[in-house]
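Bear in mind that the values in this text are calculations on the coordinates, not laboratory data. Small disclaimer: the values here were computed from a predicted structure and weren't measured. Cβ: placed from backbone, ideal geometry, glycine included. Neighbour counts: every protein chain shown.
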Amino acid sequence: AFAMSIIQTLKQDLGLLPQTVSAEERTLQRLDSSDGMPNVEASWHIHVEDLELGECLGAGNYGQVYAGSYLGTDVAVKRMDIEAMGRDNMTKYIKRELACSKYSHPNIVGFIGVAEEADNTFVLLVTERLQCSLRDILKSEENIPTWPIRISFANDIAKALAFLHAKGIIHRDIKSKNLLVDENNKVKLCDFGFARTGSPNRRQMT
């Protein structure tokens with residue numbers, strides 16, 4: 001299976017790295033390479049039979065995001081079309097998501113795992129599900145956030161970015177659609193498919 005083959009490749013690649021390098025340094029080195037190889041285990045692989053897809057929450061160029069359930073837990077499922085995205089681009093996208101998934105922070109969406117549909121046409125990225133995106137809130141003409149809540153939004157975003165930058169990671173796709181909001185108005189950053197590590201000798205898109 002495509003998703004499992006990526007995970008197996010990632011594990012094999014770790015043997016090419018010096019043993020004296022820490023796990024965190026290995027992840028950052030691989031994220032900074034052409035593909036971005038993370039240190040992951042097969043535990044990230046989810047059996048598609050354990051997932052249930054519900055309402056479609058949104059759609060993009062390469063797939064859709066669904067409300068779903070994984071073993072009884074509410075999740076968000078990003079269903080991505082392998083053919084539309086291209087196998088190489090899909091591989092890089094998943095590797096970068098997995099590389100960043102090891103970093104846990106209150107303002108970063110929790111990553112759960114990767115699944116693949118039986119016909120090998122779609123890859124499913126599974127994460128925690130939040131109430132809505134910041135884009136939804138900004139577009140709404142009802143329940144306009146008060147200034148204290150707006151300041152709290154900005155503070156949460158700044159904390160997520162400060163955490164990533166301290167790890168040497170640049171998200172490169174900050175937008176309201178990738179900032180999710182829970183029922184307590186806490187903002188969490190998602191979608192790390194374009195992330196890279198920073199380098200003083202290379203110009204980066206931000």
### Summary
For the ASN61, CYS132 Cβ pair and Förster radius 25 Å, calculated FRET efficiency rounded to 0.05 is 0.70
### Query
Cα to Cα, under 26 Å, and not fewer than 8 places away if on the same chain: which lysines meet these conditions relative to LYS175?
LYS78, LYS92, LYS95, LYS102, LYS139, LYS159, LYS167, LYS186, LYS188
### Other-chain or far-sequence residues with amide H under 5 Å of LEU57's (modelled H)
VAL65, TYR66, ALA67
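State, as an integer percentage, the relative contact order of region 132-197 based on alpha-carbon contacts under 8 Å between residues 6 or more apart.
42 percent.
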### Qualifying GluC sites (Glu not before Pro) for region 119-192 [loop in DSSP, other Cβ within 10 Å: at most 12]
GLU141, GLU142, GLU183
### Summary
Diffing region 178-187: the Karplus 3J(HN,Hα) column from phi (6.51, -1.76, 1.60, θ = phi - 60°), in whole Hz with x for Gly and Pro, holds 9, 10, 9, 10, 8, 5, 9, 6, 8, 9
### Query
Using a simple spin-label model with points 7 Å from Cα along the Cα→Cβ vector, what separation in nm is obtained for GLU83 and ASP119?
0.8 nm
